[in-house]
Each structure stands twice: as C-alpha cells, then as structure tokens.
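Asker: My structure is below; once you've seen it, I'll send some questions.
The numbers here are math on the coordinates, done by the rules we state, and not lab data. Just so it is clear, the structure is predicted and the values come from calculations on it, not from any experiment. Note that we place each Cβ from the backbone using ideal geometry, even for glycine, and neighbour counts take in every protein chain shown.
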C-alpha cells in the first residue's frame with residue numbers, strides 16, 4: 001500500500017544550511033512520487049532574545065556562510081548584514097512569521113520562508129526584528145496590523161512550541177533534516193546538498209516498502 005507517505009522537512013528560516021539546501025530541496029519535491037506528500041516542520045534554532053550576538057558567534061556564523069558557499073555552488077550571502085544590522089541569536093520570531101503566514105493562507109508558507117531567507121541572506125535585513133517580518137508580510141499581501149497581532153499571539157507561539165517538540169521527538173536536532181513517515185514509522189533520509197537524486201532514491205525505496 002502506498003498511501004499515507006509523507007516527506008517531513010524540518011527547518012528554520014534563519015538556518016544558513018537550509019538556505020544553501022533550498023534549490024536541491026525544490027528539485028527533490030518536484031520529483032517525488034505522487035503518493036508522497038511534503039510537510040514542513042519548524043525546528044526553532046534559537047529562542048527569543050534581545051541580547052546582541054557575541055562577537056565570537058558572529059565570526060563563527062560568517063565562517064559558516066563562507067563554508068556553505070564553498071560546499072554548495074551558487075549559494076550567495078550578503079556579508080553587509082554583519083555591518084548594517086544588529087545581529088541577535090534569535091530565530092523564533094522568523095519561525096512564528098512562517099506560522100502566521102501559513103494561518104492566513106497555507107499557500108503563503110513557502111513564500112514567507114523564501115522572503116525571510118532573501119531578506120536575511122541577500123538584502124542584509126534582520127528577520128529577528130518584528131518590523132522586518134511585518135514588512136515582508138505586507139509585501140506578500142497580508143495586512144501589517146493583522147499580521148503583527150498574529151505574529152505575537154500566544155497561539156502562534158504554542159504552535160511553534162508544538163512543532164519544536166515534534167521535531168525533537170523525531171531526533172531532528174540539526175537543520176535541515178528529512179524524515180519519511182509511513183504510518184507510525186519514521187525513517188531518516190541522509191542529506192545531499194547538491195544531488196536530489198541520491199535522496200530521491202532513498203525516499204523511493206522507503207515509500208515502496
């Protein structure tokens with residue numbers, strides 16, 4: 001029986017490896033068997049914080065960006081971010097923005113993820129800041145005031161907490177991560193950042209069992 005299969009993508013919109021993985025993931029999704037659906041689950045890298053990011057962490061993240069550029073051809077980063085923004089180690093606001101956009105219109109989930117990633121990695125804007133997220137929502141056609149209320153609603157944080165707990169329950173403590181779910185069974189899919197075919201073969205084999 002081939003029904004009820006889903007590919008679960010565990011991610012964070014401010015995860016730089018997720019940014020590098022995006023094109024390969026899109027290729028993977030475009031070639032999945034028809035009976036395999038895709039679910040995105042927010043892993044929540046870093047909780048809310050108003051504290052400036054320590055200088056040593058800023059340097060480590062910049063080194064990570066450079067390593068991703070070397071490992072995943074075609075991936076770009078705008079390093080101006082580190083000069084024009086006030087970095088904070090806080091990704092939960094961006095995660096809540098994805099949830100809020102999804103609740104307005106499920107079709108806006110991936111659009112918000114892309115908007116956050118482009119703002120952060122290409123436009124040197126800070127998605128840890130609510131005003132950035134509201135501006136991105138408005139660009140997607142969501143009313144700013146309504147989005148701001150949804151962004152800060154306790155229900156939105158509760159949804160994020162639930163998704164984080166589900167991700168941890170799957171053993172996903174780094175992002176991106178992939179799981180294939182078949183009924184009550186979960187199977188990890190090893191990542192290949194440059195070749196969708198390798199992952200597709202694994203998923204095909206699992207979904208055909």
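Asker: Just from its helices, what would the mean residue ellipticity at 222 nm be for the chain, if runs of 4 or more DSSP H residues each count -39500 (n - 2.57) and the sum is divided by every residue, rounded to the nearest 500 deg cm²/dmol?
Answerer: -16000 deg cm²/dmol
Asker: Considering the chain as a Gaussian network with a 10 Å cut-off on Cα pairs, which listed residue, 17, 65, 82, attains the greatest mean-square fluctuation?
Answerer: 82
Asker: Same structure again: Can you tell me the orientation of helix 130-139 relative to the chain, as the angle in degrees between its alpha-carbon axis and the longest Cα principal axis, to the nearest 10?
Answerer: 60
Asker: Now for a different question. Want the number for residue 205 to residue 149: 0.36 nm per residue separation, take away the alpha-carbon distance, what's left?
Answerer: 15.8 nm
Asker: Give me the extension gain from residue 23 to residue 191: residue separation times 0.36 nm, minus the current Cα-Cα distance, reported in nm with one decimal.
Answerer: Fully extending the segment from residue 23 to residue 191 adds 59.2 nm.
Asker: Another question, then. Would you mind computing the Rg to Rh ratio of the chain from its alpha-carbon coordinates, Kirkwood style for Rh?
Answerer: On the way: Rg = 17.2 Å, Rh = 17.8 Å.
Answer for the chain: 0.97.
Asker: Quick check: Cα centre of the range 24-55 to Cα centre of the range 175-202, how many Å?
Answerer: 13
Asker: Calculated FRET efficiency, residue 174 and residue 106, Cβ-Cβ r, R0 30 Å, to nearest 0.05?
Answerer: Efficiency at R0 = 30 Å is approximately 0.70.
Asker: If you line up the long axis of helix 16-30 against the longest principal axis of the chain, both from Cα atoms, how many degrees apart are they, to the nearest 10?
Answerer: Helix 16-30 sits at roughly 40 degrees to that axis.
Asker: Quick one: angle between helix 92-104 and the longest Cα principal axis of the chain, in degrees between 0 and 90, rounded to 10, please.
Answerer: 70
Asker: For the pair residue 184 and residue 130, how long in nm is the line joining their label points, each one 7 Å along Cα→Cβ?
Answerer: 4.3
Asker: Please report the antiparallel percentage of the DSSP beta bridges confined to the range 5-207, to the nearest 5.
Answerer: Here the antiparallel bridges make up roughly 60 percent for the range 5-207.
Asker: Using only Cα atoms, locate the centre of the range 70-89 and the centre of the range 7-23, then give the distance between them in Å, rounded to an integer.
Answerer: 15
Asker: While we're on this one: What number in nm² do you get for the range 1-112 if you take the convex hull of its Cα atoms and divide its surface by four?
Answerer: Values: hull surface 34.6 nm².
Mean orientational projected area (the range 1-112, Cα hull): 8.7 nm².
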